[in-house]
Amino acid sequence: MAGGFSPQLLEEIRSRVDLVDLVGQFVNLKRAGENWKALCPFHAEKTPSFMVNPKKGIFHCFGCGVGGDAFGFLMRQDRLAFPEAVRALAERAGVALPAERRSDADGQRETLLKTMALAAEFYQDALWNRPEGEGARRYLEKRGIAGEMARRFALGYAPEGWDHLLAFMKGRAISEEQLVQVGLVLPRQAGSGFYDRFRGRLLFPIRDIQGRVVAFGGRAMGTEEPKYLNSPETPLYVKGQTLYALDLAKPQIREKNRALIVEGYVDCLMAHQHGFTEAVAALGTAFTPAQLALLRRLCDEVITFFDADAAGQKATQRAEELLEPAGEGLAWALNRTGSFRDAAGLRLKVALLPAGHDPDTFLRSDGAQAFAERIDAARSLLAYAVDAALAEENAASTRGRATAFARVALILSKVTSAAEATELARAAALRLGVDPTQLWIEAQRLQGALLKPAHPSQASGSPSPTVPAVERDLLALLVQNADARAALLPVLDEEDLTHPAFRAILAAMKTVPAESPEVLMSHLPGEAERGLLAALLVEERVWPEPGPLIAEYLKRSEIRRRTREIRLVTQDIAQAQAAGDPALPRLEAQLRDLQRQAQELRELATTESRRSMTDG
Ligand SMILES: [Zn+2]
């Protein structure tokens with residue numbers, strides 16, 4: 001996990017970063033004793049279960065179980081790799097990083113990012129400075145894309161031909177394997193060798209939130225198929241996790257407290273060109289909960305655009321996508337006004353454009369003022385979904401009304417906030433000719449059925465239901481009490497524990513027994529381990545008299561050690577018996593001795609058996 005950085009260096013950075021300051025940039029923290037509290041930025045919730053402890057430099061959410069230190073927070077918040085988070089925080093803390101401290105994996109990622117940056121330069125040069133770029137330059141003009149915008153978005157041109165990029169990269173000592181890895185070239189199907197993926201296309205670099213190129217979208221300028229050719233998924237680029245132009249739009253999204261989501265690259269460029277610099281593109285027909293999660297940290301309102309003809313159908317589709325609980329602890333749900341389940345959530349709205357228009361064509365034909373008016377008139381996404389459900393069923397027939405009733409109830413059921421009965425629900429009931437309470441009761445019934453499986457562990461406060469309580473108690477004692485560490489670390493070993501994350505924490509503690517447990521964060525390999533450690537660190541359990549407890553654990557550990565020895569000797573005896581080994585009587589005597597010692601120890605172990613660790 002240290003990623004090539006020394007523990008001392010990481011500790012220095014960690015100690016200089018004020019975690020309340022850092023986290024406070026993204027969430028609204030309130031003091032609660034020694035900790036600071038907020039609504040969790042990583043899962044939807046109504047009451048704060050996200051804790052920051054500035055003294056220990058760790059955060060933990062009791063709702064979804066995530067936790068860690070400043071590095072872990074930034075990795076999650078900005079989707080950074082560990083070394084990237086280290087670099088960002090080192091800069092913030094004013095700590096100089098030795099350039100060579102870098103693991104293979106980080107070096108690899110850096111190389112891939114450098115390859116993409118070089119490619120972007122090559123394509124930009126081809127667009128602006130080469131005769132081959134003439135057609136692309138004329139195309140931009142025809143589409144009304146200002147040169148200044150094209151440069152701001154770093155547009156490029158991939159020349160016609162099979163190996164222009166290959167030849168350029170050869171001169172830069174970038175290998176063909178690296179180019180394949182980032183999806184810029186493909187192996188030839190017949191024979192050996194490679195060829196450029198992008199040929200004769202206008203290229204839109206897709207950048208991550210830090211502004212680094214991770215993929216390209218290539219648009220045909222004539223009638224070639226496909227119209228759009230995009231980078232495949234690569235180690236740098238995962239579809240559905242990135243928003244086009246978020247790096248450029250981020251400050252304005254914060255400032256205006258809203259984001260506009262459009263579908264295509266050109267829509268996005270045109271929005272920026274007309275002053276709507278809070279626009280991003282979803283890079284696909286659907287937007288994903290992961291993309292909304294990115295926006296949720298920056299603003300309260302997201303507006304998407306539908307063509308009037310398709311609005312109902314699209315709204316239904318989107319609502320269904322977004323109402324489904326998604327994985328990774330992001331159990332998104334929209335409430336009846338189209339906002340997320342928690343009060344500080346995201347309002348999701350739809351702005352209608354005239355039939356046949358997208359933001360690009362509408363901005364060019366009607367201008368910024370008309371576009372702004374459409375945005376002002378935006379309605380909740382869910383309202384459209386309910387409208388569509390009502391419109392699609394034949395309200396004149398009993399059967400149609402029953403189906404519409406069920407569909408609307410289902411939409412409403414995925415909403416957890418029952419605080420205010422909205423116009424939406426009332427209007428739907430009115431149009432269905434039913435009593436609003438009837439609709440409401442049905443929605444609540446469905447909601448009860450839907451919500452149970454989605455939140456199995458939310459109320460329990462434990463990070464995971466599978467963590468054995470006895471092991472948790474032992475680890476809590478170790479993490480929170482220095483005397484316990486001094487006494488128990490030398491005698492405990494990983495086999496004493498069954499839970500893999502606890503084993504990893506114990507192993508890390510044993511490698512640096514003298515360090516305080518906060519430091520272990522950078523020694524732990526994975527998210528789950530760091531989350532558990534953070535949970536134990538924020539717990540603030542008081543151990544008024546740890547002495548007897550430590551003694552008890554020592555005894556238990558001793559018993560387990562003997563039990564293991566007995567098992568080994570028993571195995572030896574069985575083998576000796578089978579082989580007619582003359583050592584048999586000696587082994588049997590040894591076994592009796594061990595059994596007697598174990599019995600004595602058991603009699604000494606008086607504490608209730610509930611506290612005992614697993615017998616191994
Ligand atoms: Zn959480």
Quiz item: Between M149 and L430, what length in nm is gained on full extension when 0.36 nm per residue of separation is reduced by their alpha carbon distance?
Solution: 96.3 nm
Exercise. Using θ = phi - 60° and the Karplus relation 6.51 cos²θ - 1.76 cosθ + 1.60, list the HN-Hα couplings for region 146-154 in order, rounded to whole Hz, with x at every Gly or Pro.
Key: 5, x, 4, 5, 4, 6, 4, 8, 6
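Which net charge results for the neighbourhood of F305, defined as the other residues with beta-carbon distances under 12 angstrom from its beta-carbon, given Lys and Arg at +1 and Asp and Glu at -1?
Numbers: positive: K314, R318, K349, R374; negative: E263, D267, D307, D358, D360.
Here the charged neighbours net out to -1.
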Quiz prompt | Karplus 3J(HN,Hα) series, Hz, for region 479-489 with 6.51 cos²θ - 1.76 cosθ + 1.60 (x for Gly, Pro) | solution = 5, 9, 9, 5, 4, 5, 5, 4, 7, 9, 4
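Just to confirm a number: summing +1 for Lys and Arg and -1 for Asp and Glu over residues other than F362 whose beta-carbon lies under 12 angstrom from that of F362, what do you get? Intermediate results must be reported in sequence, preceding the final value.
Details: positive: R364, R374; negative: D267, D307, D358, D360, D366, E373.
Every neighbour counted, the sum reads -4.
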Quiz prompt | Label-to-label distance, nm, for residues given as A551 and R92 (7 Å Cα→Cβ offset) | solution = 4.7 nm
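According to the Cα gyration tensor, what semi-axes, each the square root of 5 times an eigenvalue, does the equivalent ellipsoid of region 7-93 have, listed from largest to smallest in whole Å? Don't jump to the answer; show the numbers that get you there.
Numbers: eigenvalues 92, 40, 21 Å².
Computed over region 7-93, the values are 21, 14, 10 Å.
Relative to the compact-globule scaling 2.2 N^0.38 Å, provide the ratio for the alpha-carbon radius of gyration of region 469-611.
Values: Rg = 18.5 Å, N = 143, 2.2 N^0.38 = 14.5 Å.
Here the Cα radius of gyration is 1.28 times the empirical estimate.
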Self-check item: For peptides 247-260, 132-145, 221-234, sequence by mean Cβ density within 10 Å, most packed first
Solution: 247-260, 132-145, 221-234
Practice problem: Determine ³J(HN,Hα), in whole Hz, for all residues of region 211-219 in sequence, where each value follows from phi through the Karplus function 6.51 cos²θ - 1.76 cosθ + 1.60 and θ = phi - 60°; x replaces Gly and Pro. | Solution: x, 9, 5, 10, 6, 10, x, x, 9
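Would you mind putting 265-274, 383-392 in packing order, based on average other-beta-carbon counts within 10 Å, highest first? Walk me through the numbers before you get to the answer.
Values: 265-274: 23.5, 383-392: 20.8.
Taking the mean over residues of other Cβ atoms within 10 Å, the ranking is 265-274, 383-392.
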Quiz prompt | Efficiency of FRET from Cβ geometry, A190 and K55, R₀ 60 Å, rounded to 0.05 | solution = 0.40
Quiz item: Given labels modelled 7 Å from the Cα in the Cβ direction, how far is it in nm from R586 to D21?
Solution: 6.7 nm
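Values quoted throughout were computed directly from the atomic coordinates according to the rules given, and no laboratory measurement underlies them. The structure presented is a predicted model; accordingly, all values stated were derived computationally and were not measured. Cβ: placed from backbone, ideal geometry, glycine included. Neighbour counts: every protein chain shown.
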